[in-house]
Amino acid sequence: MRLGIAEALRSAIHGEMARDTNVFCIGEDIGITGGYGGAFTVTLGLEKDFRERMINTPISEIGIFGAACGAAVMGMRPIADVQYGDFLLCAMDQVVSQIAKLRYMSGGKLKMPVVMRAPVGVTGRGSQHAQSLEPYFLSCPGLKIVAPSTAYDAVGLLRAAVRDDDPVLIFEHKLLYGSKGPRQESVNFDASSEIPEEDYIVPIGKGIIRREGKDVTIIASLLMMHFSLQAAQVLAEEGIDCEVLDPRTIWPLDLDLIFSSVKKTGRVVIVEESSKQGGIGAEIGTQIAENIADYLLAPVTRVAAPNTPAPFSPVMEKFYIPQPERIAKAVRIMVNMELF
Amino acid sequence: MQKIIYKENNYDFESIEILKDIGAEKALFIYKRMLEIREFEERIKLLFLEGKMPGTIHQYIGEEACAVGVCSALSEKDMIASTHRPNGHAVARGLSMKEIMAELYGKTTGCCKGKGGSMHLGDIDKGMLPAIAIVGGNIPIVMGMGLAFKLRDEKRVAVSFFGDGASNEGAFHEGLNMAAVYKVPAVFVCENNQYGASTSRKLVMNIENIADRACAYGMRGDIGDGMNVLDVYQRAKTALEIARNGEGPTLLELKTFRLCGHSRRDPNNYMPAEEKDFWNKRDPITLYEKFLSQQGLLDSDKIQQIRKNVENEIEEAVKFGQESPEPEPEDTYNDLYINMEVPR
């Protein structure tokens, strides 16, 4: 069946709740008949089958992630979500100091099987419903972080996350959900996939090559992965053969895959929707520099949002988000560098 | 909402009734536990001041009746969560003084294998979450533990210990509101020791009783005398029963006092002398000792004998802590993820 990410996640969550009675959802505006099913319809209607295990909360992010933490310690497997990733910042203590650290502080006695879901991406809402928070959590040991850019991966990573005994943070992109009805986004990019019947997972820590190429490796997740594919298409017509690598997991990074691709192409562009300062590109780029610098034919290049909050004006917003043209330009400069 | 009345309880007729109810053996056990905490803390203070113990210390001297009173009313499968000041709760919940001492020394034999330290004592297998040293941080977690018990229909109760300072945190508000909404089996024990570090509660809140905040959440509130261990025990027992029966959580405030500094070498000069005098006269161990003596359960010989036993146990614990092996530096990499090596 072909599903968008929102529908695919819904069906995967349904499957996990049916499989294991310890799995429950907790978040704002979920489990209400006639309601939203979360901000982007992911949990729409799940209350029909799981009334008791759809915990609708007050607008209390500390409470949501505290509840998830406490319940997980006691053997439950919560799927906690925020309406917008930015709201994770309200719960930073629970996520960073409690959920990520408690197992370690206990000397390895505790299990913390918490799944946290957070929508990211700049979407015409100004700067407080926009941030791509991956870099904040990338510097938080104890978490695993995934970012599915297709419905197939969303299902596989959700299942892997729920079945993992460590805390997993899932970043989902608002413009890739394919949400329908009144909660539909005004712009949508097709991230739908054929979802097989069988119970598959996508292993945490494994990236994928979305497009093979020999000249440049472009590393990108979520919406930036789709933009990178578009850029690669344009560049192919100019005779530049790009490899597009989707890490799928932000931590732990699939360095084997990244290194083997970059060794092959000798050039790498890392694309991200968050600001360049202290971003994912900084981590991946440094890993490459530390480990396989000898293979590089050109310096590591980052394409990222400016080091500012996201602006509202559609004109500025378009400038802020790395567009396919900007990615293509970075690749062109990099490839042409050897001419000098 | 009914106004919650607090009155000091210097072991009146009600205490005699409670004593009859619990019996001599338990009454003496409670006495010994309180002494254990006091002597343990006094010993740690010396070790720390002598520079023989790493890290920092946050001591529980003066508050022993709170931890022991509440923990004596728990069932085996109940859970507690503590704060940056966890020594008393750990001893009261039944962690051995050896594993606590070893943790304070950062040794592999410690209750957290040296990864927790003085502010994170705990052992999930003994009913105590590793202590949460972010003020108010354990309150939403305890709500979540209670939610798990409720979802699985288990007759267990989760208990949060925190101080007066934590009741000004957002986590307190979110945690208590949700606990009340979901009617989770939990008890929120506020040990009102009158000070958040050096700041008197009077400077940072305009109410006399923290338990009065319960009505804001539609939650049951109660206030006990934190210097009378039997009063604490009885009120905790009631709150636990209510929670266990699915009738919702309680905010139980205990009026107590820290008869020591906040941390490390704090000489608590910010506490007025008359205030210290007032609470020193209400030392929970002295009060209970006097009461048990009046009731014929203790005499000076027996007190000496119990004290001697406690001192011996503490000396053994110190020896154990000091002589246990240090972790390997590379052990730093263990115990973070369950099924994955830490990427280096």
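Only the coordinates and a few stated rules stand behind these numbers; no lab work does. It should be emphasised that the depicted structure is a prediction, and the values quoted were computed from it without experimental measurement. Here the Cβ positions follow ideal geometry from the backbone for every residue, glycine too, while neighbour counts run over all protein chains shown.
Structural remarks
- The lysines whose alpha-carbon is closer than 29 Å to the alpha-carbon of A:Lys180, local same-chain residues fewer than 8 away aside, are A:Lys48, A:Lys318.
- Just so you know, the Rg over Rh for region A:82-152 is 1.02, from Cα atoms, with Rh as the Kirkwood radius.
- Set of aspartates and glutamates with alpha-carbon distance to B:Lys155 below 19 Å, sequence-local pairs under 8 removed: A:Glu52, B:Glu76, B:Asp78, B:Asp125, B:Glu241, B:Glu247
- Order of B:Leu297, B:Leu176 - criterion: other Cβ atoms within 10 Å of each residue's Cβ, fewest first: B:Leu297, B:Leu176
- DSSP-defined antiparallel bridges as percent of all bridges, the protein assembly as shown, nearest 5: 15
- Taking a ≥ b ≥ c as the square roots of the eigenvalues of the alpha-carbon gyration tensor, region B:207-316 is classed oblate because a/c is 1.5 or more while a/b is no larger than b/c.
- Projected area averaged over orientations for the protein assembly as shown, convex hull of C-alpha atoms, nm²: 33.2
- Residues A:Arg2 and A:Arg125, FRET efficiency given R0 of 22 Å [Cβ-Cβ distance, rounded to 0.05]: 0.15
- Nearest 10 degrees, 0 to 90: helix A:151-163 Cα axis against chain A principal axis: 50
- Using only the C-alpha atoms, the convex hull of region A:208-339 corresponds to 102 Å³ per residue.
- Considering only region B:13-333, percent of DSSP beta bridges that pair antiparallel, nearest 5: 10
- Ranked for footprinting exposure by Cβ neighbours inside 10 Å, fewest first, A:Ile240, A:Ile280 give A:Ile240, A:Ile280.
- Cα-only Debye scattering, region B:32-153: base-10 log of I(q)/I(0) at q = 0.14, 0.15 Å⁻¹: -0.56, -0.64
- Only alpha carbons enter this Debye calculation for region B:265-312, each as an equal point scatterer, and the log10 of I(q)/I(0) it gives at q = 0.13, 0.16, 0.17, 0.27 Å⁻¹ is -0.48, -0.64, -0.68, -0.94.
- Shape category assigned to chain A from the gyration tensor of Cα positions, a/c cut at 1.5: prolate
- 0 to 90° range, to nearest 10: angle between helix A:222-237 axis and chain A longest Cα axis: 30
- Alpha-carbon Rg/Rh ratio, for region B:141-192, with Rh computed the Kirkwood way: 0.99
- Value of D in µm² per second that Stokes-Einstein yields for region B:13-333, Kirkwood Rh from Cα pairs, at 25 °C (0.890 mPa s): 124
- In straight-distance terms, cross-link reach from A:Lys144 covers every one of the lysines whose alpha-carbon lies under 23 Å from its own, apart from those fewer than eight places away in the same chain; here that gives A:Lys101, A:Lys109, A:Lys111, A:Lys174, A:Lys206, A:Lys276, B:Lys115.
- Each Lys or Arg adds one and each Asp or Glu subtracts one; over the other residues with Cβ under 10 Å from the Cβ of A:Leu102, this totals +4.
- Take every Cα pair under 8 Å whose residues are at least 6 apart in sequence, average their separation, divide by the length of chain B, and the relative contact order is 23 percent.
- For the options A:Glu273, A:Glu317, A:Glu237, a Gaussian network treatment of chain A with springs between C-alpha atoms closer than 10 Å singles out A:Glu237 as fluctuating the most.
- Normalised radius of gyration (Cα atoms, divided by 2.2 N^0.38 Å) for region A:2-194: 0.94.
- Legend: ranking of residues B:Arg265, A:Arg163 from fewest to most surrounding C-beta atoms inside 10 Å; resulting order B:Arg265, A:Arg163.
- Loop sites in region B:171-279: GluC sites (Glu not before Pro), DSSP, at most 15 other Cβ within 10 Å: B:Glu208, B:Glu247
- Mean separation of Cα pairs under 8 Å and 6 or more residues apart, divided by the residue count, gives chain A a relative contact order of 16 percent.
- At most 14 other Cβ within 10 Å, DSSP loop - trypsin sites (Lys or Arg not before Pro), region B:1-106: B:Lys3, B:Lys7, B:Lys52, B:Lys77
- Cross-link pairs B:Lys45/B:Lys308; B:Lys52/B:Lys281; B:Lys45/B:Lys255 - those with Cα-Cα distance over 30 Å: B:Lys52/B:Lys281
- Equivalent-ellipsoid semi-axes for region A:147-284 (Cα gyration tensor, √(5λ), whole Å, largest first): 24, 19, 15.
- Region A:1-80: C-alpha gyration tensor shape, a/c 1.5 cut-off, then a/b vs b/c: oblate
- Degrees between helix A:280-292 axis and first principal axis of chain A (Cα, 0 to 90, nearest 10): 60
- Computed helical MRE - 222 nm, chain B, DSSP H runs ≥ 4 contributing -39500 (n - 2.57), nearest 500: -14000 deg cm²/dmol
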